[in-house]
C-alpha cells in the first residue's frame, strides 16, 4: 500500500510541480485525514499565561527533511517548538506546528534530487495519524547483543567483535491514515 499523494499548491510564479509548502496544503491534508476518521497522535498542549507562547492543537505528525526548516517557519500560523507552552513531551526532532500538524525533521528525510518540473529538489513529507503504521515483532524474537572476545575472533587475539541483531518489520496498517505531501523549496 502506498501513502496517498498530495501535491503542493499553485501559487509559485513559475508554476513548478510540485510547489512550496503552504497553509492551504496543510489545511487540505488535515481535512483529508479528518474525513478518513483518522485520530491524532499528539495531544493538545494548552496555553499558559506566559509571554510569546501559544497553544498547540491535537496533531498529526509529519516526518520531513531538515531542508524544509526555514520554509516551515515562513508558513502562516507556524509555532516553533520552543514557543510551546510546555516543553514536556516534545520529541527531540520536533521543529514546530502548523494547524493540526507537528513537524519532525531529520537530515535523513526523503528528498528526490532534481525531480520537479523545473528541476528543483522535491521533498516528501509523510503525514501520519494514529494507527497509520505499526512495527511487527516476528516470532517472539528479541534483540540480541553479540560480543565475541578477541581470543575467539582473530588468530592473533587482537580484535573483539560487537554486533546486534533484531527481527522486526514495519507495516502500513491503514493507508488512509498516512499521506505523502510532495513540495519544493520556495
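Do you know which of the residues in the stretch 128-148 that are within 30 Å of residue 29 (Cα to Cα), surrounded by 10 or more Cβ atoms within 10 Å (Cβ to Cβ) and in contact with a strand residue (DSSP E or B) (Cβ under 6 Å, 6 or more places away or on another chain) is modelled with the lowest pLDDT?
136
So the check is Cβ under 8 Å with 6+ separation or different chains; which pairs have a first residue in the stretch 125-154 that's within 19 Å of residue 100 (Cα to Cα) and a second one that's modelled with pLDDT under 80 and part of a loop (DSSP other than H, G, I, E, B)?
Listed by first residue and then by second, the contacts come to 126/3.
Can you pull out every residue in the stretch 149-186 that is surrounded by 10 or more Cβ atoms within 10 Å (Cβ to Cβ) and part of a loop (DSSP other than H, G, I, E, B)?
Scanning the stretch 149-186 gives 149, 154, 157, 159, 160, 166, 167, 173, 174, 185, 186.
Restricting attention to the stretch 18-54, which residues are farther than 16 Å from residue 97 by Cα, modelled with pLDDT under 90 and crowded, with 16+ Cβ neighbours inside 10 Å?
Correct list: 18, 19, 20.
The values are calculated or read from the model by the stated rules, or taken from the named source; none is laboratory data. The structure displayed is predicted, hence computed values, not measured ones. Ideal geometry is used to build each Cβ from the backbone, glycine not excepted, and the neighbour counts take in all protein chains shown.
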